[in-house]
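Below: the structure, in structure tokens.
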Amino acid sequence: MDKKLRIIGLAGTNGSGKDSVGQLLSHYHNYLFVSVTDLLRNELKTRDLPITRENLRMVSATWRAEKGLGMLMDMAMAAYETVKDQYNGIVISSLRHPGEADRVHELGGIVVWVDADPRIRYERIQANAKARGRSGEDNKTYGQFMIEEASEMNGLVGDDDTALSMSAVKQRSDIQIDNTQPDQVNLRITVEKALGL
């Protein structure tokens, strides 16, 4: 493993396999895997709010406005700092704002964009929603899924610099991985080759 590759930020479309990549790096390469979406879900639970994409966006925008555009990366790094001697690095998923990608770069890390065919991504989400405890969050039609994605990709959610813009994150990515092929062995080979692991 490249000893310099300590911080990896994962970004990508919904259902593309970001968590699969993070879990792969955790399992095979001893990276601490932190999902910032899970941090947001935990905050919604604390506030006794339903876990919906709208509420996740609301909390993330509020936090960015209050604490800075890269604050979710800083929260993940704070968790890593307490245990970093036990790991080869940290992999942080899921970057959805350009300030998060910029923060990963400021910290000396790289940003990896994961994507796949939209229909395959939608089917993955529907097939895994119950197992991941996200039935309510992911219960939508394919049309709703695509409309939601377009709004998150194009920065139409909100009217200030705290709004999501996944297309701006994609533009800042260092590596892009196509995860249309759902085979875990092929995904591992693809990821390891792309990252030089």
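If you go through the range 134-154 and keep only what is among the hydroxyl-bearing types (Ser, Thr, Tyr) and either part of a loop (DSSP other than H, G, I, E, B) or modelled with pLDDT of 85 or more (or both), you end up with Thr141, Tyr142. Close contacts from the range 10-21, counting a first residue that is closer than 12 Å to Thr180 by Cα and a second that is modelled with pLDDT under 90 and aliphatic (A, V, I, L, M), with Cβ to Cβ under 6 Å and a gap of 6+ residues or different chains, come to Gly15/Ile125. Would the range 59-66 turn up any residue that is among the hydrophobic types (A, V, I, L, M, F, W, C), at pLDDT 90 or above and within 15 Å of the chain's Cα centre (by Cα)? No, the range 59-66 contains no residue that is among the hydrophobic types (A, V, I, L, M, F, W, C), at pLDDT 90 or above and within 15 Å of the chain's Cα centre (by Cα).
Inspect the range 155-174 for any residue being outside any helix (DSSP H, G or I), under 18 Å from the mean Cα position of the chain (by Cα), surrounded by fewer than 16 Cβ atoms within 10 Å (Cβ to Cβ) and at pLDDT 80 or above and give the result as yes or no. So far as the range 155-174 goes, no, none of its residues is outside any helix (DSSP H, G or I), under 18 Å from the mean Cα position of the chain (by Cα), surrounded by fewer than 16 Cβ atoms within 10 Å (Cβ to Cβ) and at pLDDT 80 or above. Determine whether the range 71-87 contains at least one residue that is more than 17 Å from Leu164 (Cβ to Cβ), modelled with pLDDT of 90 or more and of a type in the set (S, T, N, Q). The answer is yes; a qualifying residue exists.
Put simply, of Tyr87, Tyr122, Tyr28 the only residue that is over 29 Å from Thr180 (Cβ atoms) and among the aromatic types (Phe, Trp, Tyr) is Tyr87. For the range 176-196: of the residues being of a type in the set (A, V, I, L, M, F, W, C) and closer than 19 Å to Ala11 by Cβ, which is nearest to the chain's Cα centre (by Cα)? That would be Ile177. Residues that are under 26 Å from Leu195 (Cβ atoms), touching a Gly at 6+ places or on another chain (Cβ under 7 Å) and not in a helix (DSSP H, G or I): does the range 58-70 have at least one? Checked the range 58-70: at least one residue is under 26 Å from Leu195 (Cβ atoms), touching a Gly at 6+ places or on another chain (Cβ under 7 Å) and not in a helix (DSSP H, G or I).
In the set (1) in a loop (DSSP other than H, G, I, E, B); (2) at pLDDT 95 or above, the condition left unmet by Ala131 is number (2). Count of the range 42-85 residues, restricted to those that are in contact with a strand residue (DSSP E or B) (Cβ under 8 Å, 6 or more places away or on another chain) and exposed (fewer than 14 other Cβ atoms within 10 Å of the Cβ), is 1. Could you list, in sequence order, the residues of the range 103-121 that are in a helix (DSSP H, G or I) and either aliphatic (A, V, I, L, M) or within 29 Å of Ile147 (Cβ to Cβ) (or both)? Within the range 103-121, Arg103, Val104, Pro118, Arg119, Ile120, Arg121 meet the criteria.
The values are calculated or read from the model by the stated rules, or taken from the named source; none is laboratory data. Treat the numbers as computed from the prediction; the structure is a model and nothing was measured. All Cβ positions, even for glycine, are placed from backbone atoms using ideal geometry, and neighbour counts span all protein chains on display.
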